[in-house]
Amino acid sequence: QVQLVESGGGLVQPGGSLRLSCAASGFTFSNYAMSWYRQAPGKERELVATISSGGSSTNYADSVKGRFTISRDNAKNTVYLQMNSLKPEDTAVYYCKAVKSILAVSYDYWGQGTQVTVSS
């Protein structure tokens, strides 16, 4: 069955760094674009970063540009989110998402999320 498992979250001080990983299985990883989303309590889930299936194209939310980097290793079926210069407002549950679109039909898979807390 399809699985996306996030890891690497935890507690970090402002200005610190974390690297999140999302390990995929049960589908053809290289055919899917991958995204990281985050959601803080009481707030809407927001898109943080995306990467194309081949890794040649990336996009970032304005709030994380210059600080976060999304990457993928298709040989390992894994997508990463390197987070530097972390701020308290980055505190959220971070989710991994896989997307494949064929014409107007979209297939989405979600991970269970990993908690990131930025605090002194």
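The values are calculated or read from the model by the stated rules, or taken from the named source; none is laboratory data. Predicted model, so just to flag it, every value in this text is computed and none were measured. When we count neighbours, we look across all protein chains shown, and the Cβ atoms used for this are built from the backbone with ideal geometry, even at glycine. Accessible surface is based on the protein model in full, side chains and every heavy atom, while ligands, DNA and RNA are left aside. Shrake-Rupley method; radii C 1.70, N 1.55, O 1.52, S 1.80 Å.
For this structure, a couple of remarks:
- Accessible surface, the range 1-111, averaged per residue in Å² (probe 1.4 Å): 53 Å²
- For the listed peptides 78-88, 94-104, a ranking on the average number of other beta carbons within 10 Å per residue, highest first, reads 78-88, 94-104.
- Taking the Cα centre of the chain as reference, the dipole from Cβ charges on Lys and Arg (+1) and Asp and Glu (-1) amounts to some 140 debye.
- Database remark: amide H of V48 closer than 5 angstrom to the amide H of W36, Y37, R38 (H placed geometrically; neighbours at sequence offset of 5 or more, or on other chains; Pro and chain starts carry no H).
- Largest GNM mean-square fluctuation among G55, G26, G16, using the chain with Cα springs under 10 Å: G26.
- Low-density loop positions, GluC sites (Glu not before Pro), the range 21-120 - DSSP coil, at most 10 other Cβ in 10 Å: E44
- Ranking L47, L18, L11 by solvent-accessible area of protein heavy atoms (1.4 Å probe, all protein chains present), from largest to smallest, gives L11, L47, L18.
- Distances between placed amide hydrogens fall under 5 Å for K87 paired with G15, all partners being 5 or more residues away or on another chain.
- The chain: radius of gyration and largest Cα-Cα distance (Dmax), Å: 13.8, 47
- The share of accessible area on the chain that comes from carbon and sulfur is 47 percent, using a 1.4 angstrom probe.
- A straight line joining the Cα centroids of the range 1-62 and the range 86-120 runs 5 Å.
- Put simply, the C-alpha atoms of the range 36-107 give a gyration tensor, and the ellipsoid matching it has half-axes of 22, 16, 11 Å, longest first.
- Surrounding net charge for K65, when Lys and Arg each add one and Asp and Glu each subtract one, Cβ distance under 15 Å: -1
- Note that the range 50-67 has calculated 3J(HN,Hα) couplings of 9, 9, 5, 4, x, x, 7, 10, 9, 9, 9, 5, 4, 5, 10, 4, x, 10 Hz, one per residue in order, obtained from phi through the Karplus relation 6.51 cos²θ - 1.76 cosθ + 1.60 (θ = phi - 60°); glycine and proline are x.
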